[in-house]
Every structure is written in structure tokens, then in C-alpha cells.
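Asks: Got a structure for you, written out below as C-alpha cells; questions coming shortly.
The values are calculated or read from the model by the stated rules, or taken from the named source; none is laboratory data. Please read these numbers as outputs of a predicted model, since none were measured by experiment. Every residue, glycine among them, receives a Cβ derived from its backbone with ideal geometry; neighbour counts consider all protein chains shown.
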Amino acid sequence: MKSHYHCVYDMKYHLVLVTKYRRKCFTAEILDRLEAIARELCLKWEVEVLEFSGEADHVHLLLGLNPTIQPSKLVNSLKTVTSRRLRVEFTEHLAQFYWKPVLWSRAYCLLTAGGAPIEVLRDYIENQDRPT
């Protein structure tokens, strides 16, 4: 649990980003660089990168956010910055896969993670000692 001003929170998100057209363009070197860029950017956003991994056509990030951050804005920033920087640093390699300046699919998957299962929360809420 963490605190921020007058609230206590524990907000974790599982983010999956997929390359445009699911092209298998990531190498181990690119994934390492992508992780470094993502961690650097998240540090500026005050977001904790709990885990990072990926395959040739997608990446997974487990992120810890505070309640002041809008997840959609963070995702947009991550996609924009990582795309721009990787296309500059790995121009020749990525040109084999994309002739336009793209890297990511427009879509992404963002799931909440951690905490108690929904049924446990439902039972807890339903069984409060409500005054009559």
C-alpha cells in the first residue's frame, strides 16, 4: 500500500503493447532498449515498473500507478516516446518491417491486476454490518 495526500492506494496495471501488423521486429537488443526507455519515462511520470518482458511482436509491463495518473495518457506517452526513440536508434532494422514511421498498433490491452478476487470483494461488501 502507498499513500498520496489523503488517500491510500495499491493500483497495479498489466499493459500489453503490440507491434503494428504484429510484425516480429523486436530483437533482444531492442527489447532491452525498450525496457530502459520505458523505465526512464515511467520514472518521470512517477510510475513504478514492476515487471517488463516481451516477445518479437509485443511487450508486457506490470505498472504501479498513483490515483492522479490517467492510464490512457500514460499509455499514449509510452507508445509515442518509445516508438520515436526506437525508430531513431534502430532505423535500418525497423525499415525492414515498416516503410512508414510506425511501430505500435493503435490498440492496446490494459488490465487491472492484484488485489482480492471479485467474489471475495463482493462477499466483503455484502456482509458489512449495516445499521437497520
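Asks: Return the only residue of Thr91, Thr112 being more than 21 Å from Glu55 (Cα to Cα) and among the polar types (S, T, N, Q). Spell out the reasoning first.
Replies: Numbers: Thr91 fails: more than 21 Å from Glu55 (Cα to Cα).
Among Thr91, Thr112, only Thr112 is more than 21 Å from Glu55 (Cα to Cα) and among the polar types (S, T, N, Q).
Asks: Right, another one. Please work out which residue is farthest from Met1 (Cα to Cα), limiting yourself to segment 96-132 and to residues that are among the hydroxyl-bearing types (Ser, Thr, Tyr) and not in a loop (DSSP other than H, G, I, E, B). Give the derivation first.
Replies: Step one: filter segment 96-132 for residues among the hydroxyl-bearing types (Ser, Thr, Tyr), giving 98, 105, 108, 112, 124, 132.
Subsequent filtering for residues that are not in a loop (DSSP other than H, G, I, E, B) retains 105, 108, 112, 124.
Numbers: Ser105: 33, Tyr108: 27, Thr112: 15, Tyr124: 19 Å.
Out of the qualifying residues, it is Ser105.
Asks: Another one. Can you pull out every residue in segment 78-122 that is small (Gly, Ala, Ser) and modelled with pLDDT of 95 or more?
Replies: Ser83, Ala95, Ser105, Ala107
Asks: Pairs please, first residue from segment 29-44 and farther than 21 Å from Glu92 by Cβ, second anywhere and in a helix (DSSP H, G or I), Cβ atoms under 7 Å, 6+ apart in sequence or on different chains.
Replies: Ala38/Leu78; Ala38/Thr82; Leu41/Ser77; Leu41/Leu78; Leu41/Val81
Asks: Sticking with this one: Is it the case that some residue within segment 43-56 is modelled with pLDDT of 95 or more, assigned to a helix (DSSP H, G or I) and in contact with a strand residue (DSSP E or B) (Cβ under 9 Å, 6 or more places away or on another chain)?
Replies: Yes, segment 43-56 contains at least one residue that is modelled with pLDDT of 95 or more, assigned to a helix (DSSP H, G or I) and in contact with a strand residue (DSSP E or B) (Cβ under 9 Å, 6 or more places away or on another chain).
Asks: While we're looking at this one, here's another question. State whether the residues of segment 70-93 include one that is part of a loop (DSSP other than H, G, I, E, B), over 24 Å from Gly114 (Cβ atoms) and under 17 Å from the mean Cα position of the chain (by Cα). Reasoning before the result, please.
Replies: We begin by selecting, within segment 70-93, every residue part of a loop (DSSP other than H, G, I, E, B); these are 70, 90.
Going one step further and asking which of them are over 24 Å from Gly114 (Cβ atoms), we end up with 90.
Those still in the list that are under 17 Å from the mean Cα position of the chain (by Cα) too: none.
No, segment 70-93 contains no residue that is part of a loop (DSSP other than H, G, I, E, B), over 24 Å from Gly114 (Cβ atoms) and under 17 Å from the mean Cα position of the chain (by Cα).
Asks: Take segment 18-44 and flag every residue that is closer than 18 Å to Leu62 by Cα and surrounded by fewer than 16 Cβ atoms within 10 Å (Cβ to Cβ).
Replies: Once the filter is applied, which keeps residues that are closer than 18 Å to Leu62 by Cα and surrounded by fewer than 16 Cβ atoms within 10 Å (Cβ to Cβ), segment 18-44 yields Asp32, Ala36, Arg39, Glu40, Leu43, Lys44.
Asks: Going through segment 65-76 one residue at a time, which ones are modelled with pLDDT of 95 or more and of a type outside the set (A, V, I, L, M)?
Replies: Those that are modelled with pLDDT of 95 or more and of a type outside the set (A, V, I, L, M): Gln70, Pro71, Ser72, Lys73, Asn76.
Asks: Suppose we filter segment 1-25 for residues that are within 17 Å of the chain's Cα centre (by Cα) and part of a loop (DSSP other than H, G, I, E, B); how many remain?
Replies: At the first step, the residues of segment 1-25 found to be within 17 Å of the chain's Cα centre (by Cα) are 10-20.
This time we only want the ones that are part of a loop (DSSP other than H, G, I, E, B), so: 10.
Total meeting the criteria: 1.
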